[in-house]
């Protein structure tokens, strides 16, 4: 390929980058295949009870639709003592709200906060979310058991995937890169986060100034 008025220097550098991108694509596909081949993780012994925005109880097992055996659960950093949620989590969920109907054609998907249902209702209304299944896990041990909350109550942005087999639920995978050594951002949610993927394509790269809850201030 060539674009208008590009130099030979640019084309050589771009071809080198294209080779690296091709290798990265193959590596991403290889990692995805390794993930799919994971054996069953630990059996979920507690049928955690969550609260819906209508203050109704829904259990972990009830989050599985009869025709879908996978469940993604994102732990949104919005604890009971927080006046506002994590801006970064909110940015991620802004994008996932649009993607949720497409995700839920193939898998179950829910978002949980450690705060109460009133906090969940307020942020959903404020962001204009239409599709996210937002739940409160206040009063149960889900976030603590599955690393969405530290021992001292600190909130952590963890995504976990569960699978159902023979009427039992097992943990399948979690974004453990969040806890792995890193020189910068853990990038554990990058594949689902359009903001960073878009900015990585620019000469400036990722900005340290975003995301924010409000850009009008």
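Here, each number is a calculation from the coordinates, and none is a lab measurement. On a predicted model such as this, the values are computed, not experimentally measured, just so you know. With ideal geometry, Cβ positions are generated from the backbone for all residues, glycine too; neighbour counts draw on all protein chains shown.
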Hey, what number do you get for the chain at 222 nm if only DSSP H runs of n ≥ 4 count, each worth -39500 (n - 2.57), divided across all residues, to the nearest 500? -10000 deg cm²/dmol
Taking Cα pairs closer than 8 Å and at least 6 residues apart, the relative contact order of segment 55-140 in percent is 32 percent
Give me the log10 of I(q) over I(0) for segment 49-177 at q = 0.13, 0.16, 0.19 Å⁻¹, as the Debye formula computes it from C-alpha points; what are the numbers? -0.48, -0.75, -1.10
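Once you have the alpha carbon radius of gyration of segment 126-189, what is it after dividing by 2.2 N^0.38 Å, with N set to its residue count?
Computed over Cα atoms of segment 126-189, the ratio equals 1.33.
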Please report, largest first and rounded to whole Å, the three semi-axes of the ellipsoid equivalent to the chain, where each semi-axis is the square root of five times an eigenvalue of the C-alpha gyration tensor. 34, 23, 16
At 37 °C and a viscosity of 0.692 mPa s, what translational diffusion coefficient does Stokes-Einstein give for segment 171-217, taking Rh as the Kirkwood radius over Cα pairs? Give it in µm²/s as a whole number. 259 µm²/s
Quick P(r) readout (segment 1-114; Cα-Cα; 10 Å bins; whole %) gives 10, 25, 29, 18, 12, 7, 1
Normalised by the number of residues in the chain, what is the relative contact order in percent for Cα pairs under 8 Å and 6+ residues apart? 22 percent
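Quick check on packing: order 173-183, 93-103, 21-31, 113-123 by the mean number of other C-beta atoms within 10 Å, highest mean leading. Don't skip to the end; give the middle numbers.
Working: 173-183: 13.2, 93-103: 15.7, 21-31: 10.3, 113-123: 19.8.
Ranking, from highest mean packing down: 113-123, 93-103, 173-183, 21-31.
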Shape descriptor, segment 1-57: equivalent ellipsoid semi-axes (Cα gyration tensor, sqrt 5λ, whole Å, largest first) stand at 49, 20, 6
One finds the C-alpha centres of segment 90-142 and segment 165-217 to be spaced, in Å, by 16 Å
